[in-house]
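**Q** The structure that follows is given in the form of structure tokens.
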Amino acid sequence: AQRISRLRVRPSTKGVDVLAWDTQDGPWSIEDGALDKALHAFVKEHRVGADTVYTVLPRHEVTTRILELPSHNREELTNMVRLSAEEFVPYSADELIIDQSVLRPLESGESQILAVLAHHDVVNNHLGMLRKAGIIPEQIFLSTACLASVCSLASSALQDRFALTNLTSAGLEIAVMDKGALQYTRGLATVQDWRKAAEDGDVQEELALELRGSLATYRRESVDGMGADTVFLASDMTETDAMSEALINELGKDCAPASFAKELIRKGAELCPHIPLVALGAALTAQDRGRCAIRLLPKSILQERAMMGTQKSAIRLFVLAACIVAVLGLWFMFKVSQYQSHIEDLDSKI
């Protein structure tokens, strides 16, 4: 309700080719329909409906767990997550959209996975708003998986453990990566204007407090009891250089902007004044290059789309068959006319 943004890209074999980065700031009210109107106007102005559209749910709207399960088989892992879903949320599995992504297979025969549980109402509300604007997304991704994909693909040099903090108009998200794999994630909803952080000490203090608490939680939960000594900061709203400098003193850790993500933009980097990490990760995932992929589009939409595809195929086959029959009919009429003409010619000669 604070911002609408769209990253437009062209499919490419390496990195991301950016064609446009468009944003519009609110705030809008959801209750009185102001956000619906703003989204509809944005979609119309930028002709969003002419493209294939992918959307992203923020981390704080779903439940995530990083689990170690005793299998390398994807089907078995899927069943295990579904059977244990009610341990993590107070809903039945039928009320949830569940997906998982393997973060890394372990030598013990287990797999470390990211399990995601989204309530149907959350996803349906998201879809309902898009439908009002004339958009049916090809797929719905999760911001956490998008961030993890960017971090794992951006640079082979980022193999040491580090924390990434992404600041958006909807809140902030913290992810800890180790050897290219996601180890910890936390999302927090807030309406804080992070653009004020460069000058406002209170905003810096709030950010430092959240980071300090999250990193302490990760250190307690980590297997080796070690924390992350490096923190990268990113935002698609503002520069993070000044914030990074301020956090060095607040946290006592190495802090720097997440400039490593720029290497993923092969063309059109000048169109992005700031780094839209989540949108970049979604673009990579849409091209099946995301190493951590979570898909939350309801099965009913997928089934509806498959049925529509079947109907379109049937219509194409019917049209093709009709064309073939018509061509054969014309050919038959031509041959009959040709034979009739030949008979008349023979009668004339006789």
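The values are calculated or read from the model by the stated rules, or taken from the named source; none is laboratory data. Everything quoted here is computed from the prediction, not taken from an experiment. Every residue, glycine among them, receives a Cβ derived from its backbone with ideal geometry; neighbour counts consider all protein chains shown. Accessible surface is based on the protein model in full, side chains and every heavy atom, while ligands, DNA and RNA are left aside. Shrake-Rupley method; radii C 1.70, N 1.55, O 1.52, S 1.80 Å.
**Q** Could you tell me the center-to-center distance, by alpha carbons, between region 119-172 and region 224-299 in angstrom?
**A** Distance between centres, Cα-based: 11 Å.
**Q** If you average 1/r over all unlike Cα pairs in region 257-350 and invert the result, what Kirkwood radius do you get in angstrom?
**A** On the way: mean 1/r = 0.0502 Å⁻¹.
Every distinct Cα pair counted, the radius reaches 19.9 Å.
**Q** For the chain, with a Gaussian network of springs between Cα atoms less than 10 Å apart, report the residue from Q192, Q159, Q311 with the top mean-square fluctuation.
**A** It is Q311.
**Q** Sticking with this structure for a sec: Can you pull the percent of the chain's accessible area that's carbon plus sulfur, 1.4 Å probe, other chains left in place? Don't skip to the end; give the middle numbers.
**A** On the way: 10070 of 18990 Å².
After summing per-atom areas, the C and S share lands at 53 percent.
**Q** Consider a paramagnetic label point 7 Å from the Cα of E45 along Cα→Cβ; state which residues of region 122-145 have an amide N under 17 Å from it.
**A** The answer is 133-134, whose backbone nitrogens lie closer than 17 Å to the label point.
**Q** Please work out the Kirkwood hydrodynamic radius for the chain, using every pair of different C-alpha atoms, and report it in angstroms with one decimal place. Walk me through the numbers on the way to the answer.
**A** Details: mean 1/r = 0.0435 Å⁻¹.
Evaluated on the chain, it is 23.0 Å.
**Q** Provide the FRET efficiency to the nearest 0.05 for the M129-N79 pair, computing r from the beta carbons and using R0 = 45 Å. Could you put the intermediate results ahead of the total?
**A** Values: r = 33 Å, r/R0 = 0.72.
Step by step, r from the Cβ atoms, then E = 0.90.
**Q** For helix 241-251, report the angle its Cα long axis makes with the longest principal axis of the Cα atoms of the chain; keep it between 0 and 90° and round to the nearest 10°.
**A** It is inclined by approximately 40 degrees.
**Q** Treating the beta-carbon of each Lys and Arg as +1 and of each Asp and Glu as -1, no other charges, what is the dipole magnitude of the chain about its Cα centre, to the nearest 20 debye?
**A** Details: 36 positive and 47 negative charges, 279 e Å.
Roughly 1340 debye, rounded to the nearest 20.
**Q** First measure r as the distance between the Cβ atoms of H274 and A93, then evaluate 1/(1 + (r/R0)^6) with R0 = 30 Å and state the FRET efficiency to the nearest 0.05. Walk me through the numbers on the way to the answer.
**A** Numbers: r = 39 Å, r/R0 = 1.31.
Once the sixth-power term is evaluated, E becomes 0.15.
**Q** Angle check, please: helix 201-221 long axis (alpha carbons) against the longest principal axis of the chain (alpha carbons), in degrees 0 to 90, nearest 10.
**A** 80
**Q** Compute log10 of I(q)/I(0) for region 62-106 with the Debye formula, placing one identical point scatterer on every Cα and leaving out solvent, at q = 0.19, 0.24, 0.29, 0.33 Å⁻¹, to two decimals.
**A** Ignoring solvent entirely, the Cα scatterers give -0.58, -0.90, -1.23, -1.47.
**Q** Could you work out how much longer the chain between V122 and F332 gets when fully extended? Use 0.36 nm per residue separation minus the Cα distance between them, nm to one decimal. The partial results should precede the final answer.
**A** On the way: separation 210, 0.36 × 210 = 75.60 nm, distance 6.05 nm.
This chain segment gains 69.6 nm when fully extended.
**Q** When the Cα atoms of region 60-209 are enclosed in a convex hull and the volume is divided per residue, what value in Å³ results? Before the final figure, lay out the partial values.
**A** Working: hull volume 23.7 nm³, N = 150.
That works out to 158 Å³ per residue.
**Q** What length, rounded to one decimal in nm, is gained on full extension from S348 through to E86, with 0.36 nm per residue of separation minus their alpha-carbon distance? Present the calculation step by step, with values, prior to reporting the outcome.
**A** On the way: separation 262, 0.36 × 262 = 94.32 nm, distance 9.17 nm.
85.1 nm is the gain from fully extending S348 to E86.
**Q** Between S12 and A189, what length comes free when the chain is fully extended (0.36 nm per residue of separation minus the Cα-Cα distance, one decimal in nm)?
**A** On the way: separation 177, 0.36 × 177 = 63.72 nm, distance 3.34 nm.
Additional length available on full extension: 60.4 nm.
**Q** Mind checking which of L127, L284, L320 has the largest fluctuation in a GNM of the chain, springs on alpha carbons under 10 Å?
**A** The residue with the greatest mean-square fluctuation here is L320.
**Q** Quick one: what do you get for region 1-144 if you divide its Cα Rg by 2.2 N^0.38 Å?
**A** Against the empirical 2.2 N^0.38 Å value, I get 1.25 for region 1-144.
**Q** Given a 1.4 angstrom probe, what's the average accessible area per residue across region 192-350, in square angstrom? Present the calculation step by step, with values, prior to reporting the outcome.
**A** Details: 9950 Å² over 159 residues.
Accessible surface, normalised per residue, equals 63 Å².
**Q** Pairs K44/K132; K14/K267; K37/K299; K44/K312: which are spaced more than 21 Å apart, C-alpha to C-alpha? Numbers along the way, then the final one.
**A** Working: K44/K132 12 Å; K14/K267 10 Å; K37/K299 28 Å; K44/K312 27 Å.
In this structure, K37/K299; K44/K312 lie more than 21 Å apart at Cα.
**Q** Looking only at I324, I30, I97, which one moves most when the chain is put into a Gaussian network model with springs between Cα atoms under 10 Å?
**A** I324
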